[in-house]
1. If the chain between residue 411 and residue 79 were fully stretched, how many nm would it gain, using 0.36 nm times the residue separation less the Cα-Cα distance?
2. Would you kindly calculate the translational diffusion coefficient of region 266-383, applying Stokes-Einstein with the Kirkwood radius from alpha carbon pairs, for 37 °C and a viscosity of 0.692 mPa s, and quote it in µm² s⁻¹ without decimals?
3. Restricting to DSSP H runs of at least four residues, report the calculated mean residue ellipticity at 222 nm for the chain, -39500 (n - 2.57) per run over all residues, nearest 500 deg cm²/dmol.
4. Taking a label point 7 Å from the Cα of residue 254 along the Cα→Cβ vector, which residues of region 332-353 have an amide N closer than 14 Å to it?
5. Among 83, 28, 107, whose Cα lies farthest out toward the positive end of the dipole of region 11-137, if unit charges sit on the beta carbon of Lys, Arg (+1) and Asp, Glu (-1)?
6. To the nearest 20 Debye, how big is the dipole of region 175-249 about its Cα centre, given +1 on the beta carbon of each Lys and Arg and -1 on that of each Asp and Glu?
7. Once you keep just the Cα pairs under 8 angstrom separated by 6 or more residues, what percentage relative contact order results for region 193-234?
8. Which one of 167, 345, 425 is farthest out on the positive end of the charge dipole of the chain, using unit charges on Cβ (Lys, Arg +1; Asp, Glu -1) and the Cα centre as origin?
Amino acid sequence: MTNEKSLALYEEANRYTPGGVHTSIRNVEPHLIFTKAEGAYIYDADGNRYVDYQAAFGPFILGHNFNKVNDRVVDALSRTDLYGVGTTDLEIECASKIAKHVPSAEQVLFCNSGSEATYHAIRLSRAVTERRKLIKFQGCYHGWHDYVARNMLSAPDMIGKRDPGSAGMMDEAIDNTLICTFNDLEEVERTFQENKDEIAAIIVEPIPHNIGCIMPEEGFLQGLRDLCNQYGALLIFDEVITGFRHNIGGYQSVSGVTPDLTTMGKAMANGFPMAAVAGKKEYMQRYNTYPGGDVWFAGTYNGHAVGTSAAIATMEVMENEPVHQHIFELGDRMRNGIREIHERLGIKAIVAGFGSVWTTYFMDFEPKNYTDLMQNDAEMYVTYRKKLLEHGFFKMPMNIKRNHISYSHTKENIDETLQAIEDVLKEMV
Ligand SMILES: Cc1ncc(COP(=O)(O)O)c(C=O)c1O
């Protein structure tokens, strides 16, 4: 495999853009530049083909350049775009589909990214409760803004401590976000007791996929629901990854726990920029899209024809075709196959996952939270992924990142991936 053209493009990009990339964690070695995407595959500038499991951090649930979605976007753009006044037929259709499928979504508002959605949901929770503080879990990611950008992939000695993710953040924002341990209800309850009448909301990824795949233990999500009810706080499920990917109604449909507010993005529009905040009507009508609402909600591009038509088409494919059955079956095939390989080779590792998402932690017990993941052999994790990349399977070569299967992946893709995994692990042990 040669990477000459990729490297030349990366060098040129560095002349115009700091670090040559437009999102921090895209700056990874090797510096491959992709120029074509189709179904389960991505192609770099040198013409090398990869089976893609990175899926741009999750949006591609149907696969890249999926015709039924692309055609709908082209069709929409042949007659409409954006007006900046009133609503559109596409916005109405898209919102009604979400309201139909997502249990917590009595009403819906659109924005363009997951970070916007979590910002809006948190602001609303503060307005509703007239409180300031938030509970967030160590290791979870909810976007780049000051309310939530702390205690993400913390260094071992910073777990649970004051760990802002960026210079330039407001102290008040950092200090009003309290950090708890995922799957530890007692700690959450203690935090409520120590901050009586001060906590506006809990924000949580119902499955923390930003650290691979840590499953909520039986009763944990319901416990958060109960504590929020007891202490008068709102429960926000950040379903930017889990939404649409695990079920058209989000992980809340799977778990049976209904939050007050939900944030969505990524798989919602199969790779087109689109996000939403949704929730109970009594709360949603506090936004000032509703006459008299006192919580600011705005965005020039909100509800653009590109995102709304893509989301409608994506949901329609999920409604009419066995998308989830297919990706769940392939997910099981992958996880079971990897476990068999580990057994054959005597490798101590945990294959974690749910539905179409999986990852391999190189450790010998099932992790329950971010602290447990400090036992994962990070060097092995990254080397393993780099070696798979050399074999033509693209998994982000970074520690504790997840992989995604799409509707365009086939059994053959899974089986060839398993073969490569076995070859790579044999090389490594
Ligand atoms: C759970 C979760 N919430 C929010 C976000 C932020 O979304 P965006 O990158 O679209 O702003 C992400 C992004 O990875 C995410 O994984």
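1. Working: separation 332, 0.36 × 332 = 119.52 nm, distance 3.90 nm.
Extra length from residue 411 to residue 79 when fully extended: 115.6 nm.
2. Values: Rh = 18.3 Å.
The diffusion coefficient I find is 179 µm²/s.
3. Numbers: 13 runs with 159 residues, N = 429.
Rounded to the nearest 500, it is -11500 deg cm²/dmol.
4. 332-333, 335, 352-353
5. In region 11-137, that residue is 107.
6. Details: 4 positive and 14 negative charges, 58 e Å.
Using only the charged Cβ atoms, the result is roughly 280 debye.
7. Details: 23 pairs, mean separation 22.3, N = 42.
About 53 percent, as a whole number.
8. Value computed over the given set: 167.
The values are calculated or read from the model by the stated rules, or taken from the named source; none is laboratory data. Quick caveat: nothing in here was measured; it's all calculated off a predicted structure. A quick note on method: Cβ atoms are made from the backbone with ideal geometry, for glycine too, and the neighbour counts reach across all protein chains shown. The protein model used for the area step is the full one, side chains on, heavy atoms only, and it has no ligands, DNA or RNA in it. Shrake-Rupley method; radii C 1.70, N 1.55, O 1.52, S 1.80 Å.
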